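Here is the structure we will look at.
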Amino acid sequence: MAESAQAPELVYLVTGGCGFLGEHVVRMLLEREPRLRELRIFDLHLSPWLEELKTGPVQVTAIQGDVTQAQEVTAAVAGAHVVIHTAGLVDVFGRASPETIHKVNVWGTKNVIEACVQTGTQFLVYTSSMEVVGPNIKGHPFYRGNEDTPYEAVHKHPYPCSKALAEHLVLEANGRKVRGGLPLVTCALRPTGIYGEGHQIMRDFYRQGLRLGGRLFRAIPASVEHGRVYVGNVAWMHVLVARELEQRAALLGGQVYFCYDKSPYKSYEDFNMEFLGPCGLRLVGTRPLLPYWLLVLLAALNALLQWLLRPLLLYAPLLNPYTLAVANTTFTVSTNKAQRHFGYEPLFSWEESRTRTILWVQAMEGSAQ
Ligand SMILES: NC(=O)C1=CN([C@@H]2O[C@H](COP(=O)(O)OP(=O)(O)OC[C@H]3O[C@@H](n4cnc5c(N)ncnc54)[C@H](O)[C@@H]3O)[C@@H](O)[C@H]2O)C=CC1
Ligand SMILES: C[C@@H](CO)CCC[C@@H](C)[C@H]1CC[C@H]2[C@@H]3[C@H](O)CC4=CC(=O)CC[C@]4(C)[C@H]3CC[C@]12C
């Protein structure tokens with residue numbers, strides 16, 4: 001993968017390339033990776049916007065496939081220089097079964113690793129999550145922590161469990177010999193809560209606010225801080241680390257990096273209001289309107305209803321015991337590891353990230369603007 005002033009030569013594969021983060025990674029690669037010859041986008045569901053990308057100078061190959069199917073993954077990986085594995089089942093609401101979450105996130109990742117080994121692909125970037133660390137089931141705060149901060153990472157929920165297992169597999173695979181005898185170089189990026197254009201939960205909060213006459217009601221104390229990171233910066237970090245993996249294999253191989261930028265530390269709800277406020281919504285209450293014990297009860301009730309209704313319909317509200325615990329626990333990172341190891345600086349300032357997100361909300365169908 002030596003730098004070349006001649007024709008672009010690299011083949012990249014992005015799994016989950018049609019998802020919220022995946023789309024930003026795909027577009028960022030096309031904009032900022034001049035050595036790209038072919039970009040393969042592998043996803044269970046291919047999006048229509050892929051078509052417009054096919055008219056550019058880079059060969060864009062859309063592959064409809066399932067990461068749980070080893071042969072499909074191997075076929076997609078064969079001949080790629082770099083794999084960015086973002087595909088995953090992001091479910092903390094009980095929409096999918098624990099088995100399905102495990103299958104997609106753990107077996108899917110295993111398939112990607114084995115495909116790299118079998119086909120001779122040497123560089124693998126995995127999209128992990130802050131959830132690999134915490135918040136843990138004991139609700140311990142993680143305050144301005146970094147990659148080396150001690151924390152009791154104990155999980156029960158299928159999503160963080162699956163992300164932790166998958167991350168472990170990826171890091172453990174670093175150094176394995178791939179076909180041809182060269183070592184596999186892997187690393188894992190751990191975004192905190194991602195926001196930006198295409199963020200489904202932001203969409204849900206916005207629509208809920210519109211239904212409630214332009215109001216949202218504070219449920220979580222403003223003092224509980226959440227780490228958030230703009231999707232464009234997360235994508236940029238993926239592109240940058242993928243580019244640097246060969247040159248700095250000894251330093252980056254087997255490492256984990258939190259994804260961070262200059263987004264302010266705020267409570268989940270106050271942070272969302274940075275975008276929803278300028279779009280006409282108001283957060284009612286300076287303190288939570290309901291006592292915490294009542295929220296715990298409602299969350300438990302939602303879990304019970306989900307279980308009771310499962311044979312008839314899928315009831316999966318935002319509030320459940322797990323999301324309440326995460327929303328109610330401080331989890332913020334403060335690190336410069338990515339800057340030290342591979343020169344990462346956020347591409348988008350907080351002001352730009354905020355403006356882009358606001359414009360996206362304003363353009364949403366049914367918007368109050
Ligand atoms: N959204 C967030 O706040 C965070 C997300 N992450 C991680 O980032 C990655 C991307 O997440 P998002 O973009 O938010 O989710 P998303 O759901 O928008 O994107 C995931 C993509 O993976 C695809 N996919 C799912 N199952 C698949 C399968 N069996 N085979 C092939 N493709 C499959 C989906 O079709 C989708 O396009 C995930 O690995 C997630 O764990 C990490 C931290 C925070
Ligand atoms: C109690 C509700 C009252 O308004 C608020 C509920 C908000 C929750 C739905 C979100 C609060 C924190 C979010 C999670 C966090 O950003 C970390 C995540 C990382 C991931 O890898 C996947 C998504 C998520 C688990 C994210 C999911 C939504 C929240 C729990």
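The values are calculated or read from the model by the stated rules, or taken from the named source; none is laboratory data. Treat the numbers as computed from the prediction; the structure is a model and nothing was measured. As a convention, Cβ positions derive from the backbone with ideal geometry for all residues, glycine included, and neighbour counts pool all protein chains shown. Ligands, DNA and RNA are excluded from the accessible area calculation, which covers all protein heavy atoms including side chains. Shrake-Rupley method; radii C 1.70, N 1.55, O 1.52, S 1.80 Å.
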statement: If exposed means trypsin sites (Lys or Arg not before Pro) lying in a DSSP loop and surrounded by at most 12 other beta carbons within 10 Å, then the longest stretch of the chain lacking such sites spans residues 157-369
message: Please give me the summed charge of the neighbours of PHE217: other residues whose Cβ is under 14 Å from its Cβ, Lys and Arg +1, Asp and Glu -1.
response: +3
field: the chain: calculated mean residue ellipticity at 222 nm from DSSP helix runs of at least 4, using -39500 (n - 2.57)
entry: -11000 deg cm²/dmol
query: Which aspartates and glutamates have a Cα lying under 15 Å from the Cα of LYS262, excluding residues fewer than 8 positions away in the same chain?
result: GLU225, GLU274, GLU345, GLU351, GLU352
field: Ranking by accessible area, most exposed first, for THR357, THR149, THR286 with a 1.4 Å probe
entry: THR286, THR149, THR357
message: Between VAL284 and ASP66, how high is the FRET efficiency from 1/(1 + (r/R0)^6) when r is the Cβ-Cβ distance and R₀ = 51 Å? Nearest 0.05.
response: 0.70
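So, for the chain, what is the accessible surface per residue at a probe of 1.4 Å, expressed in square angstrom?
Numbers: 16500 Å² over 369 residues.
Result: 45 Å² per residue.
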message: Just to verify a number: FRET efficiency for ASN146 and LEU294, C-beta to C-beta distance, R0 = 56 Å, to 0.05?
response: 0.95
message: Quick check: net charge around SER353, other residues with Cβ under 15 Å of its Cβ, Lys/Arg +1 and Asp/Glu -1?
response: -1
message: At most 15 other C-beta atoms within 10 Å and a DSSP loop state: those are the exposed GluC sites (Glu not before Pro) I care about. Give me the longest piece of the chain that has none.
response: 153-364
- request: Please give the residues of the stretch 333-348, grouped as numeric ranges, whose backbone N is less than 15 Å from a label point set 7 Å along the Cα-to-Cβ vector of ARG356.
  value: 345-348
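Do you know the relative contact order of the stretch 177-304, to the nearest whole percent, from alpha carbon pairs under 8 angstrom that are 6+ apart?
Values: 153 pairs, mean separation 48.3, N = 128.
That works out to 38 percent.
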task: Would you list, by chain and number, the lysines whose Cα falls below 25 Å from the Cα of LYS110, excluding same-chain residues fewer than 8 positions away?
output: LYS156, LYS163, LYS177
- request: Any chance you could check the Cα centroid distance between the stretch 13-65 and the stretch 227-306 for me, in angstrom?
  value: 24
Carbon plus sulfur fraction of accessible area for the stretch 1-143, probe 1.4 Å, in percent: 55
query: When only Cα pairs under 8 Å and 6 or more residues apart are kept, what is the percent relative contact order across the stretch 11-164?
result: 22
statement: Between the alpha carbon centres of the stretch 117-155 and the stretch 312-334 the gap in Å comes to 18
message: Considering only protein heavy atoms and a probe of 1.4 Å, how much of the accessible area of the stretch 159-293 is carbon and sulfur, as a whole percent?
response: 55
field: Rough spin-label spacing in nm, given labels placed 7 Å along Cα→Cβ, for ALA78 and GLU246
entry: 2.2
- prompt: Tell me, what ³J(HN,Hα) does each residue in the stretch 266-278 have, in order and in whole Hz, if you take phi through Karplus 6.51 cos²θ - 1.76 cosθ + 1.60 with θ = phi - 60° and put x for Gly and Pro?
  reply: 8, 5, 3, 6, 5, 5, 4, 5, 4, 9, 6, x, x
